[in-house]
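Only one structure is covered here, and it is reproduced in the block below.
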Amino acid sequence: MKAVSEATSEACLRLEDKIVDRSARVCVIGLGYVGLPLAVGFAQRGYQVVGLDIDARKISALVDGRSYIQDVESETVADLVARGLIQPTADYEILCHVDAVFICVPTPFDAMKAPDLTFVRSAAEGIAPRLKVGHLIVLQSTTFPGTTEEVVLPVLETHGLKAGVDFFLAFSPERIDPGNKVFTVENTPKVVGGLTPLCARLAVRLLGQLTPEICVVSTPRAAEMTKLLENIFRSVNIALVNELALLSERMGMDFWEIIEAAKTKPFGFMPFYPGPGVGGHCIPVDPYYLSWKAREFDFYTKFIELAAEVNQSMPYHVVERIGQALSARGKPLKGARMLILGVAFKRDIDDARNSPAERIIELLLNAEAQIVYNDPYVPSYMVGQDVFHRRRVTFASRELTPGLLAGQDVVVIVAGHRVYDYPWIVGHASLVVDTVNATREVSDGRDKIVRIGVPFSSNW
Ligand SMILES: NC(=O)c1ccc[n+]([C@@H]2O[C@H](COP(=O)([O-])OP(=O)(O)OC[C@H]3O[C@@H](n4cnc5c(N)ncnc54)[C@H](O)[C@@H]3O)[C@@H](O)[C@H]2O)c1
């Protein structure tokens with residue numbers, strides 16, 4: 001191991017002191033679902049936080065004290081901004097006056113499902129010319145193993161400073177679960193992988209102000225891989241139950257009953273639930289980051305592909321079930337009136353990115369069904385008119401009234417928001433297709449409900 005120079009140790013100690021006495025200035029780049037709660041977390045602990053985002057609408061909302069993230073209260077933002085603890089800005093020059101920077105920008109994939117690191121690169125390019133001796137840079141965006149060292153590090157070093165010597169570099173994945181009231185930034189353990197032991201030590205010091213439990217791994221790539229393992233684990237297990245749900249439908253069993261029974265085993269089993277498919281920024285995207293990188297090593301990640309195949313087939317299955325349910329009532333899909341309940345990618349949240357609702361609605365539009373939707377958390381929703389997204393259509397959420405429910409040939413529950421009154425919904429609807437077992441407690445009108453994972457005969 002190389003000896004650490006005196007200058008590097010001193011720079012580390014200086015930043016450590018600033019972290020401990022809370023005079024360290026923290027910058028969060030990318031103020032979305034991940035970045036804004038992080039900025040708020042540090043500001044609430046008394047750190048001066050710069051919130052940097054290229055989206056002018058987000059910056060002006062924050063300057064006005066308005067939050068656009070469901071889990072962050074506007075009141076909290078307004079208070080922290082008024083007290084100068086959060087300074088929202090779109091100006092990268094501010095980086096000359098901070099000590100630590102978290103990068104929380106998007107990591108989508110392109111049309112060929114290859115990683116698109118445009119945002120990560122542009123954030124690193126924005127930091128590089130303003131980098132100072134003693135800065136700590138922590139990448140939080142989910143990405144393939146190697147990104148911190150192979151992509152971010154070279155960009156940061158373009159102006160002469162050396163990572164691990166002049167400035168500190170680490171990767172720490174974000175584990176935030178939007179809508180989860182139990183596990184938040186404060187009580188979810190973090191994983192940190194530093195370029196050097198001092199890089200890890202500083203990242204732990206700073207993140208330790210937010211959360212008490214931190215697991216340090218040997219390298220940034222180990223931390224990057226940890227995050228992917230967590231998300232691939234979910235994707236594969238969701239695919240497993242989706243497949244078994246389809247089998248149960250065919251074999252004449254209620255798969256939800258089987259999950260409940262299996263859950264009684266106190267060890268070695270963890271429940272996952274079938275549904276209309278996976279959505280959001282993580283589960284449908286992140287596994288591809290690893291399968292893409294794996295190819296560099298002549299390795300084909302079969303589980304990832306298989307899980308994606310099963311999960312991506314679920315919207316098609318939902319539409320098939322809707323067609324069967326209507327046909328059993330003598331109605332074709334074509335021209336059928338349908339209300340989609342919940343277009344967010346999962347219950348109780350306002351994030352509709354990559355939601356399975358999108359493909360379901362596109363397929364239904366292709367079949368010439370007449371679609372309306374309601375989602376209390378998503379006021380408007382855009383989908384492609386066809387699966388190739390050749391024409392986009394924007395829908396506005398309709399008010400949920402007895403008349404709206406009664407006027408439909410079928411009501412399709414895609415996101416099982418807990419604010420919905422399911423007995424009331426079933427009471428007014430003539431037919432319900434439930435993709436998430438949201439109607440499990442409904443006792444009246446069960447003959448009108450078709451559930452994924454349950455054969456027709458059990459419902460009707
Ligand atoms: N949303 C989640 O639940 C979640 C959970 C864990 C990890 N992640 C990961 O965290 C990362 C961020 O996800 P998110 O959901 O917060 O994304 P988001 O789209 O909600 O927010 C990202 C923000 O970054 C801004 N941005 C983009 N490029 C920028 C740049 N060069 N400089 C400054 N700002 C820039 C965007 O304007 C946007 O406001 C992704 O890698 C994602 O996979 C997300």
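Quick one: which of E6, E16, E73 is open to solvent by 10 Å² or more (accessible area, probe 1.4 Å), within 18 Å of F168 (Cβ to Cβ), away from the ligand (no atom under 16 Å from the Cβ) and without any contact (Cβ under 8 Å) to a residue 24 or more places away in the chain?
Criteria check complete, one pass: E6.
Output the number of residues of the stretch 264-295 satisfying the condition of being assigned to a loop (DSSP other than H, G, I, E, B) and open to solvent by 30 Å² or more (accessible area, probe 1.4 Å).
12
Quick one: would you say R250 is open to solvent by 10 Å² or more (accessible area, probe 1.4 Å), out of contact with any His (no Cβ under 6 Å at 6 or more places or on another chain) and either in contact (Cβ under 8 Å) with a residue 60 or more places away in the chain or assigned to a strand (DSSP E or B) (or both)?
yes
State whether the residues of the stretch 20-31 include one that is surrounded by fewer than 15 Cβ atoms within 10 Å (Cβ to Cβ), under 29 Å from the mean Cα position of the chain (by Cα) and either within 14 Å of the ligand (Cβ to nearest atom) or modelled with pLDDT of 95 or more (or both).
no
Condition first: within 14 Å of the ligand (Cβ to nearest atom) and touching a Pro at 6+ places or on another chain (Cβ under 6 Å). Now tell me which residues in the stretch 59-70 satisfy that.
Answer for the stretch 59-70, where residues must be within 14 Å of the ligand (Cβ to nearest atom) and touching a Pro at 6+ places or on another chain (Cβ under 6 Å): I59, L62.
Do any strands (runs of 3 or more DSSP E) entirely within the stretch 348-396 hold 2 or more residues that are at pLDDT below 95, and if so, which?
Because the criterion is at least 2 residues that are at pLDDT below 95, the strands (runs of 3 or more DSSP E) in the stretch 348-396 that meet it are 380-384, 392-396.
Only one of (1) modelled with pLDDT of 95 or more; (2) open to solvent by 20 Å² or more (accessible area, probe 1.4 Å); (3) within 26 Å of Y288 (Cβ to Cβ); (4) not aromatic (F, W, Y) is not met by V204, so which one is it?
(3)
Hey, does the stretch 329-347 have a residue that's assigned to a helix (DSSP H, G or I) and either out of contact with any Lys or Arg (no Cβ under 7 Å at 6 or more places or on another chain) or under 23 Å from E174 (Cβ atoms) (or both)?
No, that holds for no residue.
Checking the conditions here, which among Q48, Q44 is of a type outside the set (G, A, S), away from the ligand (no atom under 16 Å from the Cβ), under 24 Å from the mean Cα position of the chain (by Cα) and surrounded by 14 or more Cβ atoms within 10 Å (Cβ to Cβ)?
None of the other options fit; the residue is Q44.
Find the residue count for the stretch 326-345, including only residues that are more than 23 Å from E399 (Cβ to Cβ) and either modelled with pLDDT under 95 or open to solvent by 10 Å² or more (accessible area, probe 1.4 Å) (or both).
Here the count works out to 9.
The values are calculated or read from the model by the stated rules, or taken from the named source; none is laboratory data. Keep in mind it's a predicted model, so treat the numbers as computed, not measured. Please note: Cβ atoms are built from the backbone with ideal geometry, for glycine as well, and neighbour counts cover all protein chains shown. Only protein heavy atoms, including side chains, enter the accessible area calculation; ligands, DNA and RNA are left aside. Shrake-Rupley method; radii C 1.70, N 1.55, O 1.52, S 1.80 Å.
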